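Here's the structure we're looking at; comments come further down.
Rule-based calculations on the coordinates, nothing more; no lab input. Just so you know, these numbers come straight off a predicted model, no measurement behind them. Cβ: placed from backbone, ideal geometry, glycine included. Neighbour counts: every protein chain shown.
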Amino acid sequence: MHVKKTYICLEPGEHHPAMCVLEKYSEKIGHLNPTFKMIYDVRTLEALPSGMTNIDMREKITARMKTYIMGDIRCILGYTYITEQAKRFFEGTSLKPVKITVTGEEKSYKDNFMIYVPYSEMLHNMDELNAQDSLVFGPDILKSKIIEDDDLDLALLMTIWYAYQDTEHA
C-alpha cells in the first residue's frame with residue numbers, strides 16, 4: 001500500500017467543529033494482468049468540542065499534519081459556517097488551506113481563492129466511490145453517527161469531494 005496523498009479537513013461547523021482525515025492511494029488488483037484503482041480511506045472523522053478556540057483548532061490540525069510527515073498533505077477548511085474572526089485567523093497561518101463553501105447551486109466553481117461546491121455534487125462523488133467499492137472507512141468510524149451529525153457530514157463530504165477532484169500525482 002503506497003499512500004499518495006493525505007487530506008485533512010477542518011469544518012468549523014454550525015454546532016461544533018469536525019475533522020476528517022482521508023488517505024488516497026492506489027491499490028493493485030489481480031496478479032496475472034494487474035490493474036490499479038484508487039482507494040479513498042477515511043482514517044479519522046471526529047467531532048471536536050464546541051468551545052474550541054481558533055488557536056486550538058489550528059493546533060489540532062497542525063499536530064495531525066505532523067503525523068503524516070512523509071506524504072503529500074492537503075489541508076481543507078470549510079467556509080460554510082466559519083466566522084469572520086476565524087477566516088482572518090486561518091488566512092494568517094502557514095496551513096494554506098483549500099477553502100470550500102457548500103452551496104445549493106447546480107455546478108461547482110472557483111472564485112478567487114474559494115471553491116463553491118453544491119451539496120448534491122458532493123453526495124454524487126461519494127455515491128460514485130461507493131459504487132466503485134473505492135471508499136473505505138476506518139474501524140472506529142460509526143456510519144450511523146455521520147448521518148445524524150451535519151458537521152461531520154460536511155467534513156466528510158468536502159474531504160471526499162476534494163480528494164476525488166484532486167488528480168495531481170504525488
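General remarks:
- Other-chain or far-sequence residues with amide H under 5 Å of Ile82's (modelled H): none
- Normalised per residue, the volume of the convex hull around the Cα set of region 64-104 (Å³): 85
- Residues Cys20, Cys75, sorted so that the one with the fewest Cβ neighbours within 10 Å comes first: Cys75, Cys20
- Candidate lysines - alpha carbon under 29 Å from Lys107, same-chain residues fewer than 8 apart omitted: Lys4, Lys5, Lys24, Lys37, Lys87, Lys96, Lys99, Lys143, Lys145
- Amide H contacts of Ile76 (H built 1.01 Å from N, under 5 Å, at least 5 apart or other chain): Ile8, Cys9, Leu10, Val98
- Spatial separation of Cα centroids for region 12-34 and region 75-147, in angstrom: 14
- Counting DSSP beta bridges with both ends in the chain, the antiparallel % (nearest 5): 60
- Taking label positions 7 Å along the Cα-Cβ direction at both Val136 and Thr53, the computed distance is 3.9 nm, reported to one decimal.
- Peptides 11-17, 130-136 ranked from most to least packed, by the mean per-residue count of other Cβ atoms within 10 Å: 11-17, 130-136.
- Extended-chain gain in nm, criterion 0.36 nm per residue less alpha-carbon gap, Lys110 and Ala63: 14.0 nm
- Comparing Ser120, Ser108, Ser94 in a Gaussian network model of the chain, where Cα atoms under 10 Å apart are tied by springs, the biggest mean-square fluctuation is seen for Ser94.
- Between the listed residues Leu154, Ile29, Thr53, the Cα displaced farthest toward the positive end of the dipole of region 2-165, a dipole computed from Cβ unit charges relative to the Cα centre, is found at Ile29.
- Dipole magnitude for region 2-165: about 800 debye, using +1 per Lys or Arg Cβ and -1 per Asp or Glu Cβ, origin at the Cα centre.
- Annotation: amide H of Val136 within the under-5 Å range of Tyr40, Asp41, Val42, sequence separation 5 or more or interchain, hydrogens built in the peptide plane.
- 0 to 90° range, to nearest 10: angle between helix 150-165 axis and the chain longest Cα axis: 50
- What the Cα convex hull of region 2-165 gives, in volume per residue, is 129 Å³.
- The length gained on full extension between Phe89 and Thr101, counted as 0.36 nm times the residue separation minus their Cα-Cα distance, comes to 2.6 nm.
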